[in-house]
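The values are calculated or read from the model by the stated rules, or taken from the named source; none is laboratory data. Remember, predicted model here, so these are calculated numbers, not experimental data. Positions of Cβ are backbone-derived with ideal geometry, glycine not excepted, and every protein chain shown enters the neighbour counts. Keep in mind that these areas ignore ligands, DNA and RNA; they rest on the heavy atoms of the full protein, side chains included. Shrake-Rupley method; radii C 1.70, N 1.55, O 1.52, S 1.80 Å.
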Amino acid sequence: MLTGVQVLLLGGDARGLEVIRKLTELDASVTVAGFDQLHSSLDGAVRAELSEDLFATADALVLPAVGTDDDGKIIAVFSDRELVLTDDYVARLPKHCTVYTGMAKPYLRNLCAKYAIRLVELFDRDDVAIYNSIPTAEGAVMMAIQNTDITIHGSSCMVLGIGRTGFTLARTLQGLGAKVKVGVRREEHFARAYEMGFEPFYIKQLQQFVGNIDLLFNTIPTMIVTAQIIANLPSRAVIIDLASKPGGTDFRFAEKRGIKALLAPGLPGIVAPKTAGRIIADCLSRLIEEDFRQRGNEQ
């Protein structure tokens with residue numbers, strides 16, 4: 001239980017509603033800002049205007065999937081007001097407070113470091129990333145179906161990267177009857193892809209393997225689908241880039257060549273916000289409870 005824990009939650013999207021529900025169920029005292037346009041109830045959470053006073057008593061500060069942008073702005077889809085996490089706000093946080101977000105940009109990392117506030121990026125955790133790979137894979141398949149005139153079954157698909165997302169996606173495509181090529185960098189990943197029935201190849205050989213594919217899915221967040229690679233793709237191919245912005249595809253050259261290329265980060269929150277919210281909520285509540293218990297033992 002989280003009785004006595006003061007949680008401040010700022011902005012976010014529909015995933016945040018599941019986080020609020022879970023925390024209040026566990027008896028945390030939850031205050032939220034950035035929900036003034038949401039007309040439904042918030043399961044016992046208290047709505048408030050953003051002010052320095054909110055930060056002074058927070059045991060945990062919960063931010064959206066991407067904590068802030070490069071200028072400190074916080075996404076808040078349920079508000080028409082601008083939310084900005086400023087220096088003054090973070091300075092008011094108690095030293096025991098922990099800031100939780102999905103992933104942090106340098107602005108947020110630097111602010112937390114400046115005031116010695118602990119920062120936890122949930123999407124760095126293997127458990128969260130693996131759970132999130134399920135709606136990501138389903139969303140990628142949805143996009144593939146919407147943007148092609150063929151079935152996934154019998155198609156030639158390529159997945160670049162066999163990490164937490166790539167592995168789930170490759171297995172999902174294979175389950176739908178696709179022929180799946182998997183681009184890897186490490187020998188053990190090559191062996192695992194082979195054992196799983198995929199057609200593995202090393203990323204350095206990418207240009208040799210793209211000549212006859214229908215769908216290319218990229219999960220690697222560096223420029224890997226270059227103009228040279230795109231030049232060797234068949235004109236029917238569709239690229240779906242799942243890496244975080246700006247992705248790993250030369251979108252300018254893809255457009256010039258007439259090849260459809262789509263950047264699709266953050267699919268869990270788009271295609272399955274309730275499920276994605278529950279994934280975050282379950283992990284977040286465990287971490288807050290562990291932190292609260294540890295502080296109790298130290299006192």
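Each residue in the stretch 253-271 was checked for being of a type in the set (Val, Ile, Thr) and free of Cβ contacts under 8 Å to residues at least 40 places away in the same chain, and 1 pass.
When restricted to residues that are touching a strand residue (DSSP E or B) at 6+ places or on another chain (Cβ under 8 Å), open to solvent by less than 60 Å² (accessible area, probe 1.4 Å) and under 17 Å from LEU93 (Cβ atoms), the stretch 1-57 contains 16. Determine if the stretch 262-275 includes at least one residue that is open to solvent by 20 Å² or more (accessible area, probe 1.4 Å), out of contact with any Lys or Arg (no Cβ under 9 Å at 6 or more places or on another chain), at pLDDT 95 or above and within 18 Å of GLY183 (Cβ to Cβ). Within the stretch 262-275, none of the residues are open to solvent by 20 Å² or more (accessible area, probe 1.4 Å), out of contact with any Lys or Arg (no Cβ under 9 Å at 6 or more places or on another chain), at pLDDT 95 or above and within 18 Å of GLY183 (Cβ to Cβ).
Looking at the stretch 180-188, is at least one residue touching a Cys at 6+ places or on another chain (Cβ under 8 Å), part of a loop (DSSP other than H, G, I, E, B) and either basic (Lys, Arg) or open to solvent by 10 Å² or more (accessible area, probe 1.4 Å) (or both)? No, the stretch 180-188 has no match at all. For the stretch 127-137, the set of residues classified as open to solvent by 80 Å² or more (accessible area, probe 1.4 Å) and either under 19 Å from LYS105 (Cα atoms) or hydrophobic (A, V, I, L, M, F, W, C) (or both) consists of ILE130, ILE134, listed by residue number. Scanning the stretch 207-224 for residues that are open to solvent by less than 20 Å² (accessible area, probe 1.4 Å), over 14 Å from GLY166 (Cβ atoms) and in contact with a Ser or Thr (Cβ under 9 Å, 6 or more places away or on another chain) turns up just one, ILE213.
Residue pairs whose Cβ atoms lie under 6 Å apart, separated by 6 or more positions or on different chains, with the first residue in the stretch 118-137 and more than 15 Å from ARG278 (Cα to Cα) and the second of a type in the set (Phe, Trp, Tyr), are VAL120/TYR100. Looking at the stretch 78-164, the strands (runs of 3 or more DSSP E) lying wholly inside it that each contain 1 or more residues that are modelled with pLDDT of 95 or more and closer than 30 Å to ASP214 by Cβ sit at 156-160.
Does the stretch 193-219 hold any residues that are farther than 21 Å from ASN147 by Cα and touching a residue at least 40 places away in the same chain (Cβ under 8 Å), and which are they?
ILE203, LEU206, PHE209
State which residue is surrounded by the fewest Cβ atoms within 10 Å (Cβ to Cβ) when the search covers only the stretch 100-122 and only residues that are more than 17 Å from the chain's Cα centre (by Cα) and under 17 Å from ASP59 (Cβ atoms). Step by step, filter the stretch 100-122, then rank; the result is ALA116. Consider the stretch 244-255 and keep the residues that are open to solvent by 40 Å² or more (accessible area, probe 1.4 Å) and modelled with pLDDT under 95. The one that is nearest to the chain's Cα centre (by Cα) is SER244. Screening ASP282, ASP241 for residues that are under 16 Å from the mean Cα position of the chain (by Cα), among the acidic types (Asp, Glu) and open to solvent by 60 Å² or more (accessible area, probe 1.4 Å) leaves exactly one candidate, ASP282.
Residue-by-condition table, conditions (1) part of a strand (DSSP E or B); (2) over 15 Å from VAL141 (Cα atoms); (3) touching a Phe, Trp or Tyr at 6+ places or on another chain (Cβ under 7 Å):
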position	(1), (2), (3)
ILE213	no, yes, no
PRO221	no, yes, no
ILE229	no, yes, no
ILE240	yes, no, yes
LEU262	yes, no, no
LEU284	no, yes, yes
ARG293	no, yes, no
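In the stretch 138-161, the residue that is surrounded by the fewest Cβ atoms within 10 Å (Cβ to Cβ) out of those that are within 21 Å of the chain's Cα centre (by Cα) and over 16 Å from ILE259 (Cα atoms) is MET142.
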